[in-house]
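Let me begin by presenting the structure, written as structure tokens, before commenting on it.
Values in this text are rule-based calculations from the coordinates and carry no lab data. Owing to the predicted nature of the structure, the values given are computational and were not obtained by experimental measurement. Positions of Cβ are backbone-derived with ideal geometry, glycine not excepted, and every protein chain shown enters the neighbour counts.
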Amino acid sequence: MSEVMERPAAARLRKTDYDAIVVGGGLGGLYALYRLRKMGLTARAFEAGSGVGGTWFWNRYPGARCDVESMEYSYAFDDDLQQEWHWPERYGTQPELLRYINHVADRFDLRRDIQFDTRVQSASFDPGQNVWTVRTDKGDVVTAPFCIMATGNLSTPRVPDFKGIERFKGRWYHSGLYPQEGVDFTGLRVGVIGTGSSGVQMIPLIAQQAKHLHVFQRTANFSLPARNAPMDPAIEARHKSQYPERRAAAFETPFGIAGFPPPTKKALDVTAEEREAQYEAKWAEGGSISFLYSYTDLLLNKEANDTASEFVRNKIRSIVKDQKVAELLAPKDHPIGTKRLCLDTNYYEAYNRDNVTLVDVRSAPIQEITENGVRTADGEYELDAIVFATGFDAMTGALKEIDIRVGNGPSLADKWDNGPTTYLGLMVAGYPNMFTITGPGSPSVKTQMIIAIEQHMDWIGDCLATMRDRGMTRIEPTPEAERDWVQHVNDVADSTLYPLANSWYLGSNIPGKPRVFMPYVGGFAGYKKRCDAVAANGYEGFAMSR
Ligand code: NAP
């Protein structure tokens, strides 16, 4: 990482309000501010929420918890920070993660560069001056030569446009826009719509409070036990004593997470008994990466994957007492791991409670929301509250909501009409000096997000330092480099089982969204090497100019 000392304002890259504008005050935006300040650059961040945290600010639903272990899911940029912070549980809860992110903001005095409660509405680039002008819903108009989009991958909540929602007499919520003060469901008839990671986490807890819980399931998802537990002091001490080595080792792994021995065998090269024992051990250990690491080919070979999928289906059948319900909960339409593999605490067990009913809205779809609840093709379910755990306009939603243009050219939303195109998930051809942190085409959601954020922002910081050293004021990918990268992202995805699932990775949760595989699934290690090589080769594939 190259760092540059504080320098006088006159030496700034241009005479603009700031050297960079950062959109977003989540984990990406905070690290962008830290990194830019370290380089002596000035920056302003805009954040729609009233506090820092991004995902962990908004997703306050019951049971919200990270599915990557706390000792890994944390910043690596400051050793004192990682040594001093104590994570109380194996997996951080939303309140704990938010406390950590606030601590980081205060510890590094980042808040003074963030304007909260402010949504960026547009960003327009003047190609003659090489300056971005950003406008907000609060009337701000600010300029900078660079714009860094730290807008998150799952930050545009989506409520399906069910007919009649405005008539509902009860209260309704979305998992990603959950009230700060929480919701007390005691004595209420509650409906949860959606059984992805958010639904799977909240259902067991809402079931404990509600008078009755109806779960409206369209597609069953695979979920594994998290085996959350209080932090084991011995594990914490060992991890901390190895932190720098473990962080370095994470860069050499496909998911950016160290500590799991990589698999060496193919699933079908061992006996059925050996496979069963292996899956049992992983099930008992808890965690999704560990489970998918059982064999080398679980995400590559359907037959291999079938063995793991069937193991989990059998677990569901053994946990859920009503076998009709168990069969509905056992996913059969996609190979395990090709949609985000959920982690839970007592999810399947919740369906053994008398006050929980699974409603199959695949066979009898939701037709409308009525005054009193939800009407499916089978009848009406009376409810006092509805929680939409219906997901997000993932990876592109937040960027497409901002009117991003260069001169009089098309908006980014128009350019991405047929799916997002980027070079390395870092920049978009035709949109100079705008960087995306963990944008589509980067490993992003297929990694431990914080390591991906740090890797991106370090690359961007080094790139800005190089530009400054060379007196360059403009950078953008060539159309050829972008085209080849998009092709590569798709080729890699097509060589795996991922496209077999209708997932948000493909945009298939949003009606009308083009079906394009968005994250890069070639592995974080190879991706980072590619980014480093591009920089070492003089920013190959990028055009830099004055
Ligand atoms: P999601 O995975 O997209 O799940 C949305 C759910 O809503 C799906 O079950 C979907 O069914 C259902 N749904 C959507 N529209 C519907 C409709 N019109 N009728 C009936 N059902 C409908 O969203 P999510 O659970 O919020 O999770 C999104 C991502 O956020 C996760 O994959 C994960 O990456 C991240 N996340 C992580 C954690 C964690 O770290 N533990 C927790 C929460 C979220 P279909 O499948 O049929 O579309």
Q | Net lengthening on full extension, residue 268/residue 371 (0.36 nm per residue, minus Cα-Cα) | A | 31.7 nm
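Count charges around residue 326 for me, please; just the other residues with Cβ under 14 Å from its Cβ, Lys/Arg as +1, Asp/Glu as -1. All intermediate terms of the calculation are to be shown ahead of the outcome.
Numbers: positive: 313, 315, 317, 321, 324, 332; negative: 310, 322, 327, 349, 360.
Summing Lys/Arg as +1 and Asp/Glu as -1 gives +1.
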Q: Of the listed pairs 163/339; 38/240; 265/302; 302/339; 446/528; 339/513, which have alpha-carbon separations greater than 22 Å here?
A: 163/339; 38/240
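Determine the sum of side-chain charges near residue 384: Lys and Arg each +1, Asp and Glu each -1, restricted to other residues whose C-beta is under 11 angstrom from that of residue 384.
On the way: positive: 169, 171, 189, 211; negative: 382.
Here the charged neighbours net out to +3.
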Q | Summed side-chain charge close to residue 395 - residues other than residue 395 whose Cβ falls under 14 Å, Lys, Arg +1, Asp, Glu -1 | A | +4
Q) Under 19 Å from the Cα of residue 266, which aspartates and glutamates turn up, not counting those fewer than eight places away in the same chain? A) 274, 276, 280, 297, 303, 306, 310
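Please arrange 447, 466, 195 by how many other C-beta atoms lie within 10 Å of their C-beta, fewest to most. Present the calculation step by step, with values, prior to reporting the outcome.
Details: 447 26, 466 16, 195 23.
Least crowded to most crowded, the residues run 466, 195, 447.
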Q.
For a Förster distance of 22 Å, can you work out the FRET efficiency between the beta-carbons of residue 488 and residue 252, rounded to the nearest 0.05?
A. 0.60
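May I ask you to list the GluC sites (Glu not before Pro) in the stretch 458-546 that are in a DSSP loop and have at most 15 other Cβ atoms within 10 Å of their Cβ?
For GluC sites (Glu not before Pro) across the stretch 458-546 that sit outside H, G, I, E and B with at most 15 neighbouring Cβ atoms in 10 Å, the list reads 540.
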Q.
Bins of 10 Å, beginning at zero and ending with the bin holding the largest distance: percent of Cα pairs per bin for the stretch 266-339, please.
A. 20, 51, 27, 2
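Mind ranking 403-410, 433-440, 198-205 by how tightly packed they are, going by the mean number of other C-beta atoms within 10 angstrom, highest first? Please report the intermediate quantities before stating the final value.
Working: 403-410: 15.8, 433-440: 27.2, 198-205: 24.8.
Highest to lowest by the protection proxy: 433-440, 198-205, 403-410.
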Q | D (Stokes-Einstein, µm²/s), Kirkwood Cα radius, the chain, 0.890 mPa s at 25 °C | A | 101 µm²/s
Q) Roughly speaking, what is the centre-to-centre gap between the stretch 235-275 and the stretch 69-114 when only Cα atoms are used, to the nearest Å? A) 23 Å
Q: State the extension gain, in nm to one decimal, for the chain segment bounded by residue 276 and residue 218, taking 0.36 nm per residue of separation less the distance between their alpha-carbons.
A: 17.9 nm
Q: For the stretch 368-445 and the stretch 453-470, compute the distance between their C-alpha centroids and round to whole Å.
A: 27 Å
**Q.** Nearest-ten-degree value, helix 449-470 long axis tilted from longest Cα axis of the chain
**A.** 10 degrees
Q | the chain: angle of helix 27-38 to the longest principal axis, Cα-based, in degrees nearest 10 | A | 20 degrees
Q) On a 0 to 90 degree scale, rounded to 10, what angle separates helix 302-319 from the longest Cα axis of the chain? A) 50 degrees
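Could you calculate the contour length gain from residue 380 to residue 321, that is, 0.36 nm times the residue separation minus the distance between their Cα atoms, to one decimal place in nm? Please report the intermediate quantities before stating the final value.
Numbers: separation 59, 0.36 × 59 = 21.24 nm, distance 2.56 nm.
Using 0.36 nm per residue and subtracting the Cα-Cα distance, I get 18.7 nm.
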**Q.** Lys, Arg +1 and Asp, Glu -1 on Cβ, resulting dipole of the chain about Cα centre, debye, nearest 20
**A.** 700 debye
Q.
Please compute the modelled spin-label separation between residue 135 and residue 208, points set 7 Å along Cα→Cβ, answer in nm with one decimal.
A. 4.9 nm
